[in-house]
Amino acid sequence: MQPKLVLIEGLPGFGKTTTAQLVHDILIDMNINTQLFLEGNLDHPADYDGVACFGEYEYQELLRDHAEFSDLLRTRLMKHGNHYFLEYRKLMNEDGVSIPKELIDNIFQYDIYELPLDQNRVRIMEKWELFAKHSLHGTDTYVFDCCFIQNPVTIGMIKYGATNEVVMSYVKQLASIVEQLNPLLLYVDQDDLDHSFRKAVKERPAVWSAGFIEYYTSQGFGLDHAYHGLEGTLQVLKARRELEETIYNDLSIAKEKVNNSSYDVDAYKQRLVKILAAHFSESMS
């Protein structure tokens, strides 16, 4: 069966987004119908970004406390089972829409990635199962940027300080869901984590690095180990790298590590071409 999913993973600054874009272009050149979903895509078919989840009581309470915005909120509301999903980021991006900070703060508490870990895991599994069911008999191959390993590790280890076993179980459950799609995992690696992350901090906006460092050191694993600032963040990233190495080795789906240390785009692309050509030809022969 034609592979329906290519998963791109790796640490921040290692070139995941570049890799995902290259993979998409290569598959298009191979005449394979391909859809690319980068990190932050609000229309991601298997993940959530900028979406809050409410139970019946919390939903009714939200409408009651902010009655003047109830009609507006309903324009971006979906109900699945006993839960209400509010696409608040899309609402914030709409022209002419002004939402008070108090309401946004209230909604954000229920963001999918602010939920307790067990609740987050249930909601995420439901979304991936729907995606797998929908895409299994379709003609497209999907390229996902950093939502397969990174997100479970981030909410599990980084945010909540969950054990390695819990995080590994989360990822392996996702793997079992997408196994029917004949997926390929490409894990982007680099030789020097310290150099790569400092390079990313230097090149990206200061607001990104400030938010990243705060997220990595003010909660979960970083807080438990009393890490602070850029140096503390690097220590968390080193621990994350070790965990992701263990996860990678334990997965049974098709997988390849690709080293992007040289930043030689042409050579890197040729490496990806060989991997993709081999995987797709073997799967479709």
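Quick note: the coordinates plus some simple rules give every number you see, no bench work behind them. Source: prediction; values computed, not measured. Backbone-built Cβ (ideal geometry, glycine too); neighbour counts: all protein chains shown.
Choose one answer from 50, 15, 96: the residue with the largest mean-square fluctuation in a GNM of the chain with alpha-carbon springs under 10 Å.
96
Given a cut-off of 21 Å, name the pairs among 90/159; 4/274; 16/79; 127/238; 202/269; 16/202 whose C-alpha atoms lie farther apart than that in the structure shown.
Details: 90/159 24 Å; 4/274 18 Å; 16/79 33 Å; 127/238 30 Å; 202/269 25 Å; 16/202 17 Å.
Cα-Cα > 21 Å for 90/159; 16/79; 127/238; 202/269; rest within.
Would you mind ranking 78, 92 by Cβ crowding within 10 Å, fewest neighbours first?
Numbers: 78 10, 92 14.
Ranked by crowding around the Cβ, least crowded first: 78, 92.
GNM on the chain, C-alpha springs below 10 Å: top fluctuator among 130, 11, 174?
130
Only one of the listed values, (1) 40, 20, 19; (2) 32, 25, 18; (3) 37, 25, 20, was derived from the coordinates as semi-axes √(5λ) of the Cα gyration tensor in Å; which label is it?
Entry (2).
For the residue pair residue 104 and residue 263, what label-to-label distance in nm results when each label sits 7 Å from Cα along the Cα-to-beta-carbon direction?
Distance between the two pseudo-spin positions: 3.3 nm.
State to the nearest 20 debye the size of the charge dipole of the range 110-153 about its Cα centre, where the only charges are +1 on K and R beta carbons and -1 on D and E beta carbons. Don't skip to the end; give the middle numbers.
On the way: 4 positive and 7 negative charges, 26 e Å.
Approximately 120 debye in magnitude.
Quick one: net charge of residue 216's neighbours, Cβ under 10 Å, K/R +1, D/E -1? Numbers along the way, then the final one.
Working: positive: 159, 240; negative: 214.
Summing Lys/Arg as +1 and Asp/Glu as -1 gives +1.
Which residue, 130, 261, 232, has the largest displacement toward the positive end of the dipole of the chain when charges sit on each Cβ (Lys, Arg +1; Asp, Glu -1)?
Ranked along the dipole, the leading option is 261.
Take the chain, connect every pair of alpha-carbon atoms lying under 10 Å apart with a spring to form a Gaussian network, then pick out the residue of 231, 56, 94 with the largest mean-square fluctuation.
Among 231, 56, 94, the largest GNM mean-square fluctuation belongs to 94.
Quick one: order 39, 126 by neighbouring beta-carbon count within 10 Å, fewest to most. Before the final figure, lay out each step's value.
Working: 39 17, 126 13.
Ranking 39, 126 by Cβ neighbours within 10 Å, fewest first, gives 126, 39.
Please state the charge dipole magnitude for the range 52-110, taken about the Cα centre, from unit charges on C-beta atoms (+1 on K and R, -1 on D and E), reported in debye and rounded to the nearest 20. Don't skip to the answer; put the middle values down first.
Numbers: 7 positive and 11 negative charges, 44 e Å.
Using Cβ point charges on Lys, Arg, Asp and Glu, the range 52-110 gives about 200 debye.
Restricting to Cα pairs below 8 Å that are 6+ residues apart, what does the relative contact order work out to for the chain? Please round to a whole percent.
Details: 381 pairs, mean separation 82.9, N = 285.
Worked out over the chain, it gives 29 percent.
Among 222, 185, 205, pick out the residue whose Cα is farthest towards the positive end of the charge dipole of the range 151-239, where Lys and Arg carry +1 and Asp and Glu carry -1 on C-beta, about the Cα centre.
So the residue furthest toward the plus end is 205.
Nearest 20 debye, what's the magnitude of the dipole of the chain about its Cα centre given +1 on Lys and Arg Cβ and -1 on Asp and Glu Cβ? Before the final figure, lay out each step's value.
Values: 27 positive and 43 negative charges, 82 e Å.
Dipole size: approximately 400 debye.
If amide hydrogens are placed 1.01 Å from N in the peptide plane, which non-local residues have theirs closer than 5 Å to the one on residue 184?
5, 6, 7
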